[in-house]
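These notes concern the structure reproduced below.
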Amino acid sequence: MKHHLLIVEDDEFVQALLAAYLDKEGFKTSLAVTGKEMHAVLDKEAIDLILLDLNLPDEDGLTLARQVRSRSSLPIIVLTVRKGRGDRLAALTIGADDYLTKPVDPEELVLRVRNLLDRAGTRSAPANRPPKQEIYRFEGWILDVAGHTFSAPDGGEIHLTSAEFNLLVALVKAPNRVLNRAYLLDVVSRDEDAASERMIDVLVSRLHKKIERDPRNPEMIVTITGCGYKFAAALPS
């Protein structure tokens, strides 16, 4: 099965050249000109790797890279005209896997794509394949990521808004790690209009009221003053 690459590039000439070369090398490609189009493709398609330009008309590529990384480990290669050390370090700090400046040797690009895919072990999933089962259990609670359900210890289903659910998933997937508000904001920013870091505090407060024995003294989602939040409940190994 062909690896599926998403090319996010607003220069249609460059986009067409990349797509033609990568298609010739045996890859399947999808195209996006804006950040909005990128998210639309990611929501519908099984993508194995993103080639991401930084200069896009609606959103800075560094912001898009951070948003993707906050939700998944999908490999990202930044492909840009920006040659500054600051941009390179910012992209790699955010979680981009590689950083190439234009113009790029197409053969080198293909080698880097293949090496990264080999390391990541990714394979495109057929559209009719069931989603990967991700179920987390803690303190009697059951969080079913693929099924988008959250059940209480007594078996009753707890209603969470989309933003609350995505925030809880991000915390549960990183147990005992402090996640700052900026990172968590990227997790929920597509779910809440005019999202701000203050919104994270509001969402955490809502979760406290729904899952903590004593919302005023939370034990599962803990506030780390000046840093962010940490999921502290024990997960079965």
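List the strands (runs of 3 or more DSSP E) inside segment 134-237, counting only whole elements, that have at least 1 residues being touching a helix residue (DSSP H, G or I) at 6+ places or on another chain (Cβ under 8 Å) and polar (S, T, N, Q).
221-224
Within the set of pairs 6 or more residues apart or between chains, which connect a residue that is closer than 15 Å to Ile50 by Cα and at pLDDT 85 or above inside segment 74-94 to a residue that is surrounded by 13 or more Cβ atoms within 10 Å (Cβ to Cβ) and aromatic (Phe, Trp, Tyr) with Cβ atoms less than 7 Å apart?
Listed pairs, sorted by first residue: Val78/Tyr99.
Based on this model, can you work out whether Gly95 counts as farther than 26 Å from Glu25 by Cβ and assigned by TED's automatic domain parsing to the domain that holds Leu31?
The answer is no for Gly95.
I need the full set of residues from segment 49-73 which are within 21 Å of Arg119 (Cα to Cα), under 13 Å from the mean Cα position of the chain (by Cα) and crowded, with 18+ Cβ neighbours inside 10 Å, in order please.
Across segment 49-73, the qualifying residues are Leu49, Ile50, Ala65, Arg66, Val68, Ser70.
So is Leu184 buried (at least 18 other Cβ atoms within 10 Å of the Cβ) and at pLDDT 90 or above or not?
no
Determine whether segment 139-150 contains at least one residue that is loosely packed, with under 12 Cβ neighbours inside 10 Å, at pLDDT below 90 and not assigned by TED's automatic domain parsing to the domain that holds Leu74.
Yes, that holds for at least one residue.
Which residue is nearest to Val204 (Cα to Cα), if the candidates are limited to segment 145-189 and must be among the acidic types (Asp, Glu) and free of Cβ contacts under 8 Å to residues at least 24 places away in the same chain?
So the residue we want is Glu157.
Which residues, counting only those in segment 95-108, are touching a residue at least 40 places away in the same chain (Cβ under 8 Å) and out of contact with any Phe, Trp or Tyr (no Cβ under 8 Å at 6 or more places or on another chain)?
Residues satisfying the conditions are Ala96, Lys102.
Within segment 139-158, does at least one residue satisfy the condition of being among the acidic types (Asp, Glu) and at positive phi?
yes
Let me spell it out: the conditions are (1) surrounded by 19 or more Cβ atoms within 10 Å (Cβ to Cβ); (2) in contact with a Ser or Thr (Cβ under 6 Å, 6 or more places away or on another chain), and Val41 meets all of them except one. Which number is the exception?
(1)
The values are calculated or read from the model by the stated rules, or taken from the named source; none is laboratory data. Just so we're clear, the structure is a prediction, and the values are computed from it rather than from any experiment. All Cβ positions, even for glycine, are placed from backbone atoms using ideal geometry, and neighbour counts span all protein chains on display.
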